[in-house]
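What follows is one structure encoded as structure tokens, with my remarks underneath.
None of the figures in this text is laboratory data; all of them are computed from the coordinates on show. All values reported here derive from a predicted model rather than from experimental measurement. Heads up, the Cβs are rebuilt from the backbone with ideal geometry, glycines too, and the neighbour counts pull from every protein chain shown.
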Amino acid sequence: MKNKQLYKISKYAYKEAFLESQLEMAGVNQAQILEKMEKNAKYMRTQDIAMKIVVMIYLASMVILPVQVFGLLNNTIGRGIPAQWAIFAGGISFSIFFAIQLMFLLTFGVYISSGFFSGEEFKWLSTLPLSKKELHKVTLFTFFRTVDAQFFALTLGFPIATFFATKNILITFISLIVSLLNMVFSIGILAVLGEKLHRIMKNSDVTSKKASLIRVSVMVGYAVLTIGIALSFNLIVPKIEPFFLNYPTNLDPYEFVNKFIGIIPYPFSGGFLISNLYINSQDVPFAQYFTPILGIILLIIINLRFYRTVMKKMNNLIFKKTGRLQDEEKLKITEIKDIKLITVKPMNAFFKRDKKMASRDVQVIMMIVMPILLPFVSFASLAIGAEEIGKDFDMVIMLMNLSYWMMSGVIIIVTLLNIESSGATITQALPINPRDQAIAKIKWLLIILPISSFISLVPFIGKEAFVKNFIYILITMSLGPLTGILTLLLRVRFFGKLKNKYVMGEINLGAKIWKWVLIVIVDIILYIVIAAGFGIILLTYNLAILSLVFIVGEVVILFILSFFFNRMFPKKQVQKI
């Protein structure tokens, strides 16, 4: 069978792999995706195309970093900056760019790669008259379809940026070779991690604490990686120019590093080879060109090793799922020796249920990690420039505190309430007290937001702003849970009102967009009122008056919310016999 026909066959296997990855990413929202597929037969195809377009645009936008580096290399040559420092700064900058490319590839591709390694899409291949060699080709074509957008964006983006920045054919050609080798290396990493992730996420021992801990750790790591990469890229780009221009007086250590760091295959060999060739100074010894070339050769060897490893994994995957291997599967017989019935309070039961469901849903974990990571990264960058901000520093810190805690409360509550609206739970049909469910959601706020608040203090340790920032956090920290409770009440009031009670799930779906718009407007108005009050009080009075007013205001808001909470979720009346 011709390769063209085999490539067409791989399209159907890819569709199944993409569906598998989307359902895995959806977590508790799988029922909503399946419902959309029933209503629109082209829903998955539209999602696939949209994702590829977003990925290509997002990755193509990263070429701003190498273009900036080439421009700075030109400036350093013109300004008389030493060649060894220019090579070091350029090599490090290019290497950072290659590393970020790998991180982006993992972020966008690891889940669809995990879906590919489920092997479910290869079961039906056993019904086709395909040879072993043809099965291998179909598998390779299927895997290529999972990374085709990333492959073209990451492979061609850097050489194109190099050509427009340098107008040098030789440097552009070397950039293409380096980019292609880096891409093959990255795809090998992606394949290995995707297969590992699938085995972790599909662990059959769902009750094992060890398996759950590993699963949660992997998903938290993925969430931190996704959020951290997006933030770090925005922080790195503005720091590149000062890094180039502020060179040290003693360049001997950097000259030593330039001679040997290029031997590291990834990501330094390609970065330092391009930097050395572009500077092309007479002061650069030949060994400094030789070590990056040796690093490139080592990268080729590593890529060949990756190729054999991935082919072996694919070979096992194909024949296991198509039934071509007749390995006997041993059944595991588990003997139950003792059964213990443990009773817990309803609120704790709902909290544990949410925790179990979140451990298998990357979206929920990302929304939980974001309120912790985002303030820390933002305040870390702010702490560096605290002296430059001057007298406006207090105002900036306070407004950022307000926005982060209030926004975090909304994000956490909405994420947890989405669990109740999915097909993953049947609690809406059970005779339960919604008050216990609501309190379980609020418990998440009382755990996550204080952690987020005090972690954001870490960048200010040892600085003069630490004490003031600590006071500001104590003043504003409770606004996060209060805003979360307000959002919970509004969401339940608009979507969960029944004839004689309120429920957590979405029952009344009419005018859904306008209801959410109203909820957002209410939250924004609350933020504006509090922020304006803070500004007026801080400019007119002192910190003691500000603390007193805020504490009194938060207590008043708490009483108001408690009143409506008890009206919507009354305590269960126990009748005495």
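Here is how the numbers come out for the structure above:
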{"item": "Proximal charge balance of residue 522 [Cβ under 14 Å; K/R count +1, D/E count -1]", "result": "+2"}
{"item": "14 Å beta-carbon shell around residue 411, net charge (K/R +1, D/E -1)", "result": "+1"}
